[in-house]
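What follows is a single structure, written as structure tokens, with notes after it.
FYI, it's all coordinate maths here, none of it is from the lab. Just so it is clear, the model here is predicted, and its values are computed rather than measured. When we count neighbours, we look across all protein chains shown, and the Cβ atoms used for this are built from the backbone with ideal geometry, even at glycine.
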Amino acid sequence: MLKKLRKNNQLKKGQNILPVMVSEAVKQQFPNETIIISALTDLLFDATYGKEWVVLTSTRVLIYTQTGDEELESYSLRTEYALSTLADAKAENTVGGGILELITPDGETLRAALYSNTHARRFARLAHSIQSKVQKKDSKQNVVPEEHTKYCETCGFPIPEGMESCPACSKKGRTFTRLLEFSRPYTKSLWVVLLVMILSTLCGLVAPYTSKILVDDVLKPMKNEWMLAPLALALLISYIGQNFLSALHGQLVAILGHKVVYDVRTQLYARLQELSLSFYDKKQTGSLMARVNQDTNEVGQLLVDWLPITTESILTIIGIGFFLCKLSWKLTVIIIIPIIITIWFFKSIWPKVRVYFHRYLETRAKISALVSDTLSGVRVVKAFGQEKAELQKFDEKNIDFRDAGILLEKKWAIYHPISHLLIMLGSVIVWYVGGKFIFAQEMTLGDVIAYSGYLSMFYRPVQTLTRMANTVVNTLSAGERIFDIIETEPEIKDAPDAVEVNDLKGEIEFRNVTFGYNKFKPVITNLSLKIAPNEIVGLAGHSGAGKSTIINLICRLYDTDAGTIFIDGHDVKKIKYADFRKHVGIVLQEPYLFSGTIAENILYAKPNASRNDIIRAAKIANAHDFIIKKPDGYDTNVGERGVRLSVGEKQRISIARAVLSSPRILILDEATSSVDLETERDIQEALERLVTGRTTVVIAHRLSTLRNCHRLLVIEEGKNIEIGTYQELIEKNGAFYKLVKLQEQLSQIRRV
Amino acid sequence: MTEDMDRYTQYIIDPAKVKFYRNANDTGGLAMELIGSDGIKEVYPIIRPVRVFPITAPEEYISICDKGNKEIGILQKLSVLSADQQKLIRHELWLRYVMPVVTEIVDIEKGPNAFRWEIITNRGKKVLYVKERNEQLTFIGRFRIIINDVENCRYDITDYRKLSKHSLLELEKVI
């Protein structure tokens, strides 16, 4: 039963192609039509699961619904719409899914089909195609790129976003080979390490054999007393040798491992810096930090600890196996059965114990998360008097943790004695069967003693191997996550024909730009505007209208989905990225200051500027006076481990930073947070000085800023609805007027 | 930058046009005579020198502020002043910026909650208590360390490589 379900869940490659049955039906019923595009949905019209096909032909929209059994795949026409009766089409997003809506020229909305989020992108594409057909637009222009969740062909599980292949089914060997690639510069050292390891293992295997010789040729027959000394010496040397070589091996491996991890970490970090903002949007900062910090450490541990231990264990087992067979292959055959049972035991019980181990680790992580959360929010806890409730929350997690720990110990306590018992069983068999063989003159006493010795050496590496097998696999996943990032291509990179622009005038043009952070939910639709050099342009509008998005596009933090942005007449995609960023300066709403001194923060965009330049920039930004009041002046440490600056101070420092970089194009996202009047005045003055003599695009919140702009663009729902100077727009009595009135009312309330 | 902006950046004090002296009451304060851009001599009976980059450039960019802590101008380099003028300013800075330079670390001892440091500085001997092993030690560059003690006083190891062997041994206990 299970197998069957899996197969059905898989999105087979052919599943997105229109089934023959449907295409035949279309040909039959509408013989002159050509099929342009079709989409499969997983919801029936009553929002229950089932299949429907929506087909766009040259004159119609046809909807075929599933009839009968799912296995049979038969369809019948549910409804049809003639394109001549439609004016528009829209893929309306709901929560968890969407509705395909067809709009008539009278403005009436017809619901055509329902779908779940799985098919959202496909339907957005379909709606777009219908729209293009109906409005007779060139449909090639604004194509929504095809993206859907990929499913692994082997196991049927979805492939995590951002990854190309299924991590569970991928050849672990591949990651391993990639890791080895990193160690290629150190091949010589690798050979040395291998040699030392083999020698060390050999030394370890000498001991039991020496005891065989001792017993058989010296002690039992009471002859060859002269051999005692050299044998003892040989034993001593082998022990010393093994210890020494083992230590040497450990050292060499540690050095090698750390060097390799250093290389991996460097490459990873370098790649992270290269990748574009859209990559960071999709991933959580926390998980990225985990990759750089934890995953690289895990890979390091793999190379430094686990791999050498595993290889050593394998070598030891092979060596011991050889000697066991040499001493008595008959005994080895007999002993194989208990050995297999023991190995089976290790292999099967260990995963079960591991579950408890994981539970222990997880409950521990939950408790630390809770503690960290509560203590950092202690102000809120106290303000609302929720100490008791927090205590209860903590208690629940604490109990879970305690119980997990106790359970783990219990299971562990069972595992150990049983494994010991099984090992002892082996020993008993050796003595009994070996004894019998001695009497049968097939083995000597020395043989049996040596055999017992080898057997006791045998189990440790086996145990290690079983435990290591899983750990190694898990750590390889860490390696995979790292390589996954290293292999990601940055979305925004220089086109091969990218040019350097040296003398930028600062003219910006948007031509029919469409963009959305999610490809099927555009924030800006078909926007066109032109900004002259040195013009100060203000963007006004409600929150969510698309102002910040326009700014992000100008900075080329994202690339447009459709349409082009021109800077000084050049397509922004054709300008060298690094060069471009030099000419664009940005002052954000939330000024982010890095860990470092104030001077370092101001210097951030122009690290080679002189101290004089820093002071000058700070004076222009009205920041110098408060900076020198601080005991460390410009050398004051700010950011994570430094002094806390007030919002106004941070703002002015970030303005100083922008002044210093003296960009041709300045982007200003005004802060809405309130500061005291004097600081407000200082900031306003600083901003006025900053925007002079450069092309400025400002998301304005202050009335004074709006008034100072040469032109204002009012944005609503991603479209530019009003343009003009402040005075003109106020007189127009339109959307802008309403906005200003609203703001005035708000500030009045604030004053009260 | 427009001419208007240059106004904000005319802050460098011309060393030829300025004179520092001890003020009349000699309460230890410094006074200054400055010939302004208009040629008129202005007298400031009380001025305070403030380091603009106290840690990275202590002898450059000295901001001269008046009684109300408003900046009058900035001296770009102390070294361009005459020797006795330099002495006056340096003395004033010596009084205002108390961050002794560590010349020798006699002993570092671990206590229950803090570390007890016994050091010799350019201002004399000092015993201080530092919380934690090295959380309160800030590295500036690779060889300079600023120590922050429990009383929020700071001490400067300008280059730990130049310390004596004994000092280094003691220092290794905490870094």
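Couple of notes before you dig in:
- Pair-distance profile P(r), taking every C-alpha pair of segment A:657-744, with 5 angstrom steps and integer %: 3, 12, 23, 23, 18, 14, 6, 1
- Cα long-axis angle, helix B:83-96 against chain B (0 to 90 degrees, to the nearest 10): 50 degrees
- Principal semi-axes in Å for the protein assembly as shown [√(5λ), Cα gyration tensor, largest first]: 63, 53, 24
- Stretch gain in nm, segment residue A:710-residue A:289, where the contour uses 0.36 nm per residue and the Cα spacing is subtracted: 147.2 nm
- Phi-derived couplings, Karplus 6.51 cos²θ - 1.76 cosθ + 1.60 at θ = phi - 60°, listed residue by residue for segment A:617-628: 4, 5, 5, 4, 8, 6, 10, 4, 4, 6, 5, 6 Hz, with x used for Gly and Pro.
- Loop sites in segment B:23-122: trypsin sites (Lys or Arg not before Pro), DSSP, at most 12 other Cβ within 10 Å: B:67, B:70
- Taking the charge dipole of segment A:285-433 about its Cα centre, with +1 at Lys and Arg Cβ atoms and -1 at Asp and Glu Cβ atoms, the residue from A:381, A:299, A:399 reaching farthest to the positive side is A:399.
- Dipole of segment B:2-97 computed with +1 at Lys/Arg Cβ and -1 at Asp/Glu Cβ about the Cα centre; of B:65, B:16, B:83, farthest Cα towards the positive end is B:83.
- Residue A:352 versus residue A:47: modelled label distance in nm, points set 7 Å from Cα along the beta carbon direction: 4.6 nm
- For the protein assembly as shown, a crude dipole built from +1 on the beta carbon of Lys and Arg and -1 on the beta carbon of Asp and Glu, taken about the Cα centre, is about 1740 debye to the nearest 20.
- Of the chymotrypsin sites (Phe, Trp or Tyr not before Pro) found in segment A:504-552, the ones in coil according to DSSP and having at most 15 other Cβ atoms within 10 Å of their Cβ are A:517.
- Restricting attention to the protein assembly as shown, close to 80% of DSSP beta bridges with both partner residues there are antiparallel.
- For segment B:102-171, the alpha-carbon radius of gyration amounts to 1.00 times the rule-of-thumb value 2.2 N^0.38 Å expected for a compact globular protein.
- Of the chymotrypsin sites (Phe, Trp or Tyr not before Pro) in segment B:69-175, the ones in a loop by DSSP (not H, G, I, E or B) with at most 13 other beta carbons within 10 Å are B:143.
- About its Cα centre, the dipole of segment B:2-97 is roughly 420 debye, where the only charges are +1 on Lys and Arg Cβ and -1 on Asp and Glu Cβ.
- Computed [θ] at 222 nm, helices only, for the protein assembly as shown once each DSSP H run of length n ≥ 4 contributes -39500 (n - 2.57): -15000 deg cm²/dmol
- Under-5 Å amide H pairs with residue A:637, H placed in peptide plane, nonlocal only: A:643
- Helix A:329-376 axis, angle to chain A major axis (alpha carbon atoms, nearest 10°): 30 degrees
- Acute angle (nearest 10 degrees) that the helix A:647-661 long axis makes with the longest principal axis of chain A, alpha-carbon atoms: 90 degrees
- Stretching residue A:192 away from residue A:372 to a fully extended chain increases their span by 60.1 nm, per 0.36 nm per residue minus the current alpha-carbon distance.
- With K and R counted +1 and D and E -1, the other residues having a Cβ less than 13 Å from that of residue A:54 yield a net charge of +2.
- Per-residue packing, averaged as other Cβ atoms within 10 Å, sorts the ranges A:61-68, B:58-65 into the order B:58-65, A:61-68, beginning with the highest.
- Cα centre as origin, Lys/Arg/Asp/Glu Cβ charges: segment B:102-171 dipole, Debye: 220 debye
- Amide H contacts under 5 Å for residue A:94, placed H, 5+ residues apart: A:99
- Positive-end residue of A:48, A:667, A:546, charge dipole of the protein assembly as shown with Cβ unit charges: A:48
- For segment A:595-752: rounded, prolate or oblate by the Cα gyration tensor [a/c cutoff 1.5]: prolate
- The mean count of C-beta atoms from other chains within 10 Å of the C-beta of residues in A:593-603, rounded to a whole number, is 1.
- Shape category assigned to segment B:37-136 from the gyration tensor of Cα positions, a/c cut at 1.5: prolate
- Label-reachable residues, segment B:68-83, where backbone N falls under 20 Å from a point 7 Å from residue B:21's Cα toward its Cβ: B:81-83
- Whole-Hz Karplus values for segment A:28-33 come out as 5, 6, 10, x, 9, 8 Hz, taken residue by residue from phi with 6.51 cos²θ - 1.76 cosθ + 1.60 and θ = phi - 60°; glycine and proline positions read x.
- Using C-alpha pairs under 8 Å with a sequence gap of at least 6, the mean separation divided by the residue count of segment B:102-171 gives a relative contact order of 29 percent.
- Computed from backbone phi, the HN-Hα couplings of segment A:384-399 come to 9, x, 9, 4, 5, 4, 5, 4, 5, 4, 5, 4, 4, 5, 5, 4 Hz, rounded to whole numbers (Karplus: 6.51 cos²θ - 1.76 cosθ + 1.60, θ = phi - 60°; Gly and Pro given as x).
- Partner chain coverage, peptide A:684-695 - average Cβ within 10 angstrom: 1
- Two numbers describe the Cα atoms of chain B: Rg and Dmax, which are 20.3, 64 Å.
- Over all other residues within a Cβ to Cβ distance under 13 Å of residue B:81, the charged ones net out to 0, with Lys and Arg as +1 and Asp and Glu as -1.
- 10 Å beta-carbon shell around residue B:17, net charge (K/R +1, D/E -1): 0
- Legend: mean number of C-beta atoms from other chains within 10 angstrom of residue C-beta atoms, peptide B:56-65, equals 3.
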